[in-house]
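Before any comments, here is the structure.
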Amino acid sequence: MRWSTIAVAALATVAQAHPGHHHPSGPPKGPACDWTDFWKLGNQLSKDAEIYLPESTEWTSVSQRWSNVGTPTVNITILPANENDVVEIVKMAQRCDIPFLAYNGVHGAITTLKDMTWGIAINIRKLSSVNIAPNGQTVTIGGGTNSKVVIDTLWAAGKQTVTGTCECVSYMGPALGGGHGWLQGHHGLISDQWTSLRIVLADGSVKTVSPTGPHSDLWWAMRGAGHNFGIVTQVTAKIYPIQHTNWAIQTLMFTGDKVQQLYQTANDVFLPTNGSAQPVDIINWSYWMNVPPVDPTGPVMEFYIIQEGVTAVDPAYVAPFEALGPVASTPNTGTYRDVSAWVGINMDGPPCQKTGAANPRFPVYLERYNVTAQQQVYDAFKAITNSSGPFANSLFLFEGYSMQGVHAQNASGSAFAWREDNLLTAPLITYMPDPANPVLHEQARLAGDQLRQILKGGSGRSELHAYVNYAYGDEQVGDWYGHDSWRLTRLANLKNKYDPEGRFSFYAPAA
Ligand SMILES: Cc1cc2nc3c(=O)[nH]c(=O)nc-3n(C[C@H](O)[C@H](O)[C@H](O)COP(=O)(O)OP(=O)(O)OC[C@H]3O[C@@H](n4cnc5c(N)ncnc54)[C@H](O)[C@@H]3O)c2cc1C
C-alpha cells in the first residue's frame, strides 16, 4: 500500500495533535474510531493501493469531477488495487460508521451526491482489466475499467460488446443504470449483456450475482438500479464477433428556423407511425448549441445520421434532410472506433475535459418527437442560452439510438423501466459556478426543468420518464426506476435486504 508522502505526514501530525478528535483536513473518523484505524487499514491493503488526503498533490487528479454542482464532499481518497482492498475499506468504513462512495469515471452528475458531506472516496480505477474467455463468448471486465479500454481490447481480438458511447466514462457507471450504447440496437442495453457479476456489499461480504443462484433477486435490481447495492468489482458480459468494421456519418447543420421541418422529417424517416422501428443499422442524434459564426441569432441544430456497415450513409436517409436546406451537410467514414469522435465524445472531446464547469442534465425519454413541442423548447432554449447570459455554452441532446435489441428484452426483467421509449433527450445546462453568485445553481435548475417540462408536456404523459444516469437529482424515485408500484416495492424490499442502512444511497437512492 502506498501512502502519499503528504498523507503520511498529515496523518502523523494530526494523530499526535488530535488523538481521537476530528480534524477538518484529515481523514474522517466515525464515532467508534480514531486515526489509528486508518493506519491499520493502510497495513491491510495490498502494496499497490494508494491513499490521498486533500493536501496531497495528487488530490485533484483523484477527486476532481466532471460536473460541479451537487458534488460529494470527501476527506480522503483511497484507491484499492484489488477486490480484497475494497472489502477491507468497506468493512472499516462500516465498523467506524464512515460514509463512502465509489468513484469511477467521475462523470456521475446527479445532485443527490451532495448528501455525501464527508467520508471516503473509494476510487476504483485500479480495478481495470479486460479478460476474454478462452471460448470467445464472454469477457470479464474489472469494475473500474474505462469504456475505451473495453472497446479497444475487444476490437484487437475481433470482438465487440455493448458499451457506453463516451470514451472517458467508465464501463460500469452507465451499465448500472441500464446503459445505452451504439450497439444496443443489436444486443440490448449494456447490462443486458451481463451473465454474472461480483459485488462487495455494505457489510464487506463479496457475492456473486447471476440470473440463478442464491442472489438472483439482486440480479434484477443491478441492471438499472445498480448504484444502490454495493461496489461491483467485476462483471462477465457476452461478446460478439465484429459484425461491421466500417461505419459512416452524415453531419447536417441547420439554423433554428428549420426546427419543425427537421423533427417532422426525423419522425417520418426514423420513427414512422406504421409501427416499423428505426432501422437497426441507423442511429440519429442531434445537438443544439450556440455557434455564433454560423448563426449569431440563436442555437444551431447539428443533426447526425450514423450508419454501420457502409462507407457512406444511404442517400435514402440523407436526401429528405438535405431537401430542408441545411447550412452544411458533411459525410465522414471510418470504423466503429471513430464514431465517438464524430459526435465529440472521444478522449479529446469537450465532455472529457474537467474544466470546473457545472453540467447538470434534465432528461426526459420520449416515444417520438412532438413537432410543436420541439418548436416551443427551441424558443425557450434560445432565450435561456442567449450570449449575454451564464448558460450560453449549454447543449441540448436528442439521442435516437436504434432500439430493437432493447425492445426485444422482457420489459419487466430488470430494474431499467424505459424500454418502450425511443428517444433520450436532455438539456445540459453548462455554466461556471460562481461562489459570489450561488443563486446561479438554482437558475440553472429552473431553466433545465422548464425545458424538460415542455418536452414532457408534448409527450402527453403525466409521468416523467428520466434516465437515472442523466438525472438532475430532484426527480421522484419513480421517475428514475418506473412508476409501477411493483417496481418500487421490489426495489425497496431489495434495498432493505441488501443495504438496510442505506450505505449506497448517494446516487439516486431507490428507497
Ligand atoms: C460525456 C458523457 C457521455 C455519456 N455517455 C453515456 C452513454 O453513452 N451511455 C450511457 O448510458 N450513459 C452515458 N453517460 C451517462 C453516464 O452513464 C453517467 O454519467 C455515469 O454515472 C458515469 O459513470 P462514471 O463511472 O463515469 O461516473 P462516477 O461518478 O465515477 O460513477 C457514478 C456512480 O456510479 C456508481 N458506480 C460507479 N462504478 C461503480 C461500481 N463499479 N460499483 C458500484 N457503483 C459504481 C457510484 O455510485 C458513482 O457515484 C454519459 C455521460 C457523459 C458525461
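The values are calculated or read from the model by the stated rules, or taken from the named source; none is laboratory data. Predicted model, so just to flag it, every value in this text is computed and none were measured. Every residue, glycine among them, receives a Cβ derived from its backbone with ideal geometry; neighbour counts consider all protein chains shown. For the accessible areas, the whole protein counts, side chains as well, though only heavy atoms, and no ligand, DNA or RNA atoms are used. Shrake-Rupley method; radii C 1.70, N 1.55, O 1.52, S 1.80 Å.
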- Query: Can you list the aspartates and glutamates whose alpha carbon is less than 15 Å from that of Lys456, not counting same-chain residues fewer than 8 positions off?
  - Reply: Glu367, Asp421, Glu475, Asp479
- Arg461 paired with Met347, simple spin-label distance in nm, labels 7 Å along Cα-to-beta-carbon: 3.7 nm
- Query: Could you give the angle, 0 to 90 degrees to the nearest 10, between helix 485-498's Cα long axis and the longest principal axis of the Cα atoms of the chain?
  - Reply: 20 degrees
- Message: Using amide H atoms built in the peptide plane, which far-off residues or other-chain residues are under 5 Å from Thr138 H to H?
- Response: Ala133, Ile239
- Message: Just want the answer: with Cβ charges of +1 for Lys and Arg and -1 for Asp and Glu, which residue in Leu79, Ala133, Ile199 is farthest toward the dipole's positive end in the range 50-205?
- Response: Ala133
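For the full complex of protein chains and a 1.4 angstrom probe, list Trp486, Trp418, Trp118 by accessible area with the highest value first. Write out the running numbers ahead of the final one.
Values: Trp486 100, Trp418 15, Trp118 75 Å².
Largest to smallest exposure gives the sequence Trp486, Trp118, Trp418.
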- Query: What angle, in degrees between 0 and 90 and rounded to the nearest 10, separates the Cα long axis of helix 371-384 from the longest principal axis of the Cα atoms of the chain?
  - Reply: 60 degrees
- Message: So if each residue of separation counts as 0.36 nm, and I subtract the Cα-Cα distance between Asn386 and Thr57, what length gain in nm does that give?
- Response: 114.6 nm
- Task: At 7 Å along the Cα-to-beta-carbon direction for both Asn437 and Glu501, put a label point, then send me their distance in nm to one decimal.
- Result: 4.3 nm
- 0 to 90° range, to nearest 10: angle between helix 216-225 axis and the chain longest Cα axis: 60 degrees
- Message: So in the chain, which Cys have no other cysteine's beta-carbon sitting under 4.7 angstrom from theirs?
- Response: Cys166
- Given a 1.4 Å probe, how much area per residue of the range 130-242 is accessible, in Å²? 27 Å²
- Please report, in debye to the nearest 20, how large the charge dipole of the chain is about its Cα centre when each Lys and Arg carries +1 at its beta carbon and each Asp and Glu carries -1 there. 900 debye
- Query: Using 0.36 nm per residue, how much length does the chain from Lys238 to Thr333 gain when fully extended, once their Cα-Cα distance is taken away?
  - Reply: 31.4 nm
- Between the range 389-432 and the range 167-197, what is the C-alpha centre distance in whole Å? 14 Å
- Query: What residue among Ala444, Val477, Gln353 has its Cα farthest toward the positive end of the dipole of the chain, where the charges are +1 on Lys, Arg and -1 on Asp, Glu, each on the Cβ?
  - Reply: Val477
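When DSSP beta bridges are limited to those with both residues in the chain, what percentage is antiparallel, rounded to the nearest 5? Each step should come with its number before you reach the end.
Values: 63 of 72 bridges.
About 90 percent, rounded to the nearest 5.
R0 = 22 Å: FRET efficiency of Gln476 with Glu367, Cβ-based, nearest 0.05? Walk me through the numbers on the way to the answer.
On the way: r = 20 Å, r/R0 = 0.93.
That pair, Gln476 with Glu367, gives E of 0.60.
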- Task: Distance between Cα centroids, the range 436-511 to the range 301-327: provide it in whole Å.
- Result: 35 Å
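Helix-only estimate, please: 222 nm mean residue ellipticity of the chain, summing -39500 (n - 2.57) across DSSP H runs of length 4 or more and dividing by its residues, to the nearest 500.
Details: 16 runs with 153 residues, N = 511.
That calculation yields -8500 deg cm²/dmol at 222 nm.
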- Calculate how large, on average over all directions, the projected area of the Cα convex hull of the chain is; give the answer in nm² to one decimal. 23.5 nm²
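Over the range 394-511, give the accessible area per residue in Å² for a 1.4 Å probe, as an integer. Write down the numbers at each step before the final one.
Numbers: 4560 Å² over 118 residues.
In whole numbers, the range 394-511 has 39 Å² accessible per residue.
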- Message: Could you tell me the ratio Rg/Rh of the range 130-242? Both radii from Cα atoms, Rh via Kirkwood.
- Response: 0.95
- Task: May I ask which residue of Ala248, Gly325, Gly143 lies farthest towards the positive end of the charge dipole of the chain, with charges of +1 (Lys, Arg) and -1 (Asp, Glu) on Cβ and the Cα centre as origin?
- Result: Gly143
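Using mean Cβ contacts within 10 Å as the protection proxy, how do 75-83, 473-481 order, highest first?
On the way: 75-83: 23.0, 473-481: 19.6.
Top of the packing list down: 75-83, 473-481.
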- Query: How high is the FRET efficiency between Ser216 and Ala312 when r is their beta carbon distance and R₀ equals 45 Å, given to the nearest 0.05?
  - Reply: 0.45
- Computed over the chain, the relative contact order (Cα-Cα under 8 Å, seq sep at least six) in percent reads 15 percent
- Item | Nitroxide proxy distance, nm - points 7 Å out along Cα→Cβ at Val291 and Ala157 | 3.9 nm
- Taking protein heavy atoms only, a 1.4 Å probe, and rounding to whole percent, the accessible area of the chain owed to carbon and sulfur comes out at 52 percent
- What FRET efficiency, computed as 1/(1 + (r/R0)^6) with R0 = 41 Å and r the Cβ-Cβ distance, is obtained for Thr73 and Ala319, rounded to the nearest 0.05? 0.15
- For Lys207, go through the lysines and keep the ones whose alpha-carbon is under 29 Å away, minus same-chain ones fewer than eight residues off. Lys29, Lys40, Lys47, Lys91, Lys114, Lys126, Lys148, Lys159, Lys238, Lys495, Lys497
